[in-house]
Structure formats: C-alpha cells, structure tokens
Amino acid sequence: MDDRLSFLFDKSTDFFCVLEKDGTIKHTNAAFRKALGYSEAELENVKITALSHSADVRRRGELLQLLTRKKEVIGYENRVKAIDGRYYNIKWSLIFDDKDGLIYAAGTNLTDKLNGAAHSTATDNIQHILQSFNEGFFIINNKWEITAFNPAFLAITGLKNKQLKNLTLNQVHSLGITDEVIAEFEAAFKENIPGQVQYFNAHFKRWLQVNIYPYKNEVMVFIRDINSAKIQQLILALEKNILELNASASYSLQQTINELLKGIEKIYPDMICSVLEVDDAQERVYHLAAPRLPRPYCDIINGSAIGARAGSCGTSVYHRSQVIVSDIETDPLWDDYRVFIHPYGLKACWSTPIISSHGTRVLATFAVYYKTAREPKQDELQMIERTTNILRILMENKRNQDSINDQNKRLQEIASISSHEIRRPVATILGLVNLFDKQNLDSPMNREIIGHLNITAQELDSVIHTIVEKTVHLRDES
C-alpha cells in the first residue's frame, strides 16, 4: 500500500479494512481496532463472518454477488461484534478489485446515531443489547411516529436508516401491516393492554409475529420473522386434516387430494399445484387433481405420453426423478407443450414422481407451477418431499382398500358358489344314490342312475375347478 494512503488509512477516524474475496481480514486500521477492542494479531486471518451478527451473515452471499457484478456497493449496513460481545452498527462502502481479488471497505459507526431519540433515556448497555437482538425492535409514539429502532428492524423492513426518519408506522409499507395488527396497536394505546399477533406479510410473503408493550404515551414493539415455524405448524395441521379425510368413507381419493392441494396453495399463495396419475402400463399420465390450474390446460395434457422430453411431469415419470424447470420459455423439455401453457402465464414447473413404497412403479406426479421463472428454495423442496410422501400414503391406501374390496367381493363369490352351486349337484347325487336298486344291480334303472351320476359328478368337478381358480387368483393378488 502507498505510504501516503497507509498514513490516511491508519489515522482516519472512520473504519477501514481490506478483505479477501472469501471474507478473510487482511488489514484493519486503528479506528476499527480501537472501537471494537481487538488487537491487530487477534484480527489476522479471521473471517469477517465470525464478527458479524448471525442475522447479517445470511446476507453476505447477496453482498458478494452484488460486489462481483457491480464492483462497488455504497451504504451496506451490518452489525459487527466487539471483543466485549457488544454489537456496533456499521455503514460500509465497499469496492472489489478484480486484479488483486481484494475487497476494500470503509465504514462509519452508526451506533451512536441509531436510536438517537432513545439514547437520552436508555443506558449504553441497553442500547447494545437492542443492537444485538435478532428480533426487530422499534418504538412509536401516540402519533404513530417511529421514534427508535434497531438494526434488525431495518433488516426486516428492507429499509435504511435515513429512509425511516419521520415515517409513521402506516407508511412502512414493507411491513404489510394488516387490520388485525392495527387493532392490537389501537388497544395498546387506548386501553394500555399489551398484545401479540401473528400475521402474513403480503409484501415479503412471510409470517411475522408482533409483541406490543405500551408504556406511557409510547408503544415498544418486538417483531420477528416466524415464517419457518409457522409454515411447519400450518403443514402439520393440513396433514392431520387430510389423514382424517382419508379415513372418512365419504371422501374419494380425488376429493382428498384436491383438499390437500388447496391447503398447500393457501400456505404458499404463489404455488399452483397439480397431481397427474400414471396408468398401469406406465405409459401415460391422467388428471387427478389441480384446484387452480386452468381447466382447458388440464384437458389438453390429460392422457399425455410419458417420455424423455415430455414437459416436467412426463419427463419425471420417464426418469423416475425430480425435474425442475425454472424457465418454461427456454427449457427444451417443454418444446412440445409450451404453446399450451402460454395463454395462462405459467413460467416455471417443478415435478416430482410419487414412487410406490416397493419402488416397483410410479403412481403419479406432484407438480408445482409458478407465474414467475424461478428455482425452488430449500423450504419449498422440503414441502414438496413431505407432500409426495403424503400422496404416496393416500394413493397406496386407496389401492390397498380397492384390493381389499375386490378380495371381499371374490370371497363372497366363492362363498356363493360353495353354498349354492355345490349344494345342487351334491343333493342330486344323494337323491340318485337313494334310488339305486341294491338288490338288482344290473337293472335298467341302475344303469340310468349311473349315467346321471356321471353327468352330475362332472358338473360338481366343474364347480370345484372354478372355486380353485378363484382361490388361486385371489392368493396371487394378495
């Protein structure tokens, strides 16, 4: 580094550091080390993620992609942990140099500026505790103006420090505040009642939980992302309901699966779900359930052939593996089907085969369509896996039940044959035996009786053969 630049680097009151592309710290200046309490040796070869707040680490990948593409990022905020465990909110300007593969970062300490209104009444310890929270925290007065907030609140709203100044809560549109949440705030102000409410943020499409604590003429609020836990809760409730429907004789397989897909679409509003059943010959797929997929499109693909380039579903059956088509417009698997999907604005389709427990055949496909070109996230892949397992249970249970019903029907047929078809020839034989003339064995009547016995015996043999055939067929299918 140039001596003059090095002098400015070390004497500046702003934070400076040089990082490798993977985040390893190469150099820091005195202001950075003094504020955070580390020595130069303690920071050497440490990755910056080790000092970052856990809630900010997840954003590092996005920052690196942005830096690699644009070469510079201005105004990036994150929390850095000091040696005493406290967190400092730093606003960074970063430059990525392709030649040496290094990231040069200059930062301003916002910690004292952030929550300035609350700083006069709160101790430094409380301030640092709020800084370190994963939960968003903010305070509003009785005019609904936001008077204080922590970095986690900025992360939840997707806004920067300057953007929140002079805003009321209703103006923070990214929070997606619902009428139910507004009612909780009004109760806190009017009745001094604390409250808790969970709601779906339509802006970010995530579930949030808000805890509200009134104090004098202000309300302190903790807000956190509960999306993962809430989704799991909703999925468990849906699965329980579906298994109960499956046990009900009043619901057919198609009706049960339709309810399952409607439940998934309610949990994941952007998803459009479909189940196609595979025929016994493993050659074609047929519509089984698709609550929101356009009916004309369902009719067109109904009975489509399975193949190596047969859209997402036909291909997934052919390869017996999941097929992720993130962009229908460009994927060659959809060349023969793209014209059918175009009118409905569907851009992505992920299809997963539902394979029988013994792995002998593909029962159906579970497909998820989107109106945007995209790949699945990890939680969506987990949901798809759970859904295919439920669908396998439903379909095999139905097949087993059908098999049991068929076996019962055949058993009833065998019982009917046994009770009626055998009784008649046996009664005939018994009657003919009673007519047999034991004193005159060579009488014409005895010869006629023997002829009738032979015919009846053949009839009885035929009945017994039929019973044996049905019994063997029943055994082979069980």
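How much length would be gained if the chain were fully extended between ASP299 and TRP144, taking 0.36 nm per residue of separation minus their Cα-Cα distance, in nm to one decimal?
Residue separation times 0.36 nm, minus the Cα-Cα distance, leaves 50.5 nm.
Based on a Kirkwood Rh over C-alpha pairs, give the Stokes-Einstein translational diffusion coefficient of region 307-374 at 10 °C and viscosity 1.306 mPa s in µm²/s.
The estimated diffusion coefficient comes to 132 µm²/s.
Could you compute how much accessible surface SER228 exposes when probed at 1.4 Å, giving the result in Å² to the nearest 10?
80 Å²
As a quick test, which of the pairs LYS26/LYS91; LYS91/LYS190; LYS70/LYS165; LYS230/LYS371; LYS143/LYS377 have an alpha carbon distance above 31 angstrom in this structure?
Values: LYS26/LYS91 19 Å; LYS91/LYS190 38 Å; LYS70/LYS165 28 Å; LYS230/LYS371 24 Å; LYS143/LYS377 40 Å.
Table pairs above 31 Å Cα-Cα are LYS91/LYS190; LYS143/LYS377.
If I stretch the segment between LYS160 and ASN211 completely, what's the gain in nm (0.36 nm per residue apart, minus their alpha carbon distance), one decimal?
16.1 nm
Ignoring any ligand, DNA or RNA, what whole percent of the accessible area of region 218-294 comes from carbon and sulfur when the probe is 1.4 angstrom?
Its accessible area is 50 percent carbon and sulfur atoms.
What does the extension gain come out to for ALA41 and ILE95, with contour length at 0.36 nm per residue minus their alpha carbon separation?
The ALA41-ILE95 span can extend by a further 17.0 nm.
With a point put 7 Å past each Cα toward its Cβ, work out how far GLN171 is from GLN255 in nm, to one decimal.
The two pseudo-label positions are separated by 5.4 nm.
Provide the solvent-accessible area of GLU186, counting protein heavy atoms only and rolling a 1.4 Å probe, rounded to the nearest 10 Å².
80 Å²
Could you do me a favour and compute the accessible area per residue for region 167-292, 1.4 Å probe, result in Å²?
52 Å²
Which trypsin sites (Lys or Arg not before Pro) from region 180-214 combine a DSSP loop assignment with at most 12 other Cβ atoms within 10 Å?
LYS205
The values are calculated or read from the model by the stated rules, or taken from the named source; none is laboratory data. Everything numeric in this text was worked out from a predicted model, so none of it was measured. When we count neighbours, we look across all protein chains shown, and the Cβ atoms used for this are built from the backbone with ideal geometry, even at glycine. Heads up: the accessible areas ignore ligands, DNA and RNA and are worked out on the full protein's heavy atoms, side chains in. Shrake-Rupley method; radii C 1.70, N 1.55, O 1.52, S 1.80 Å.
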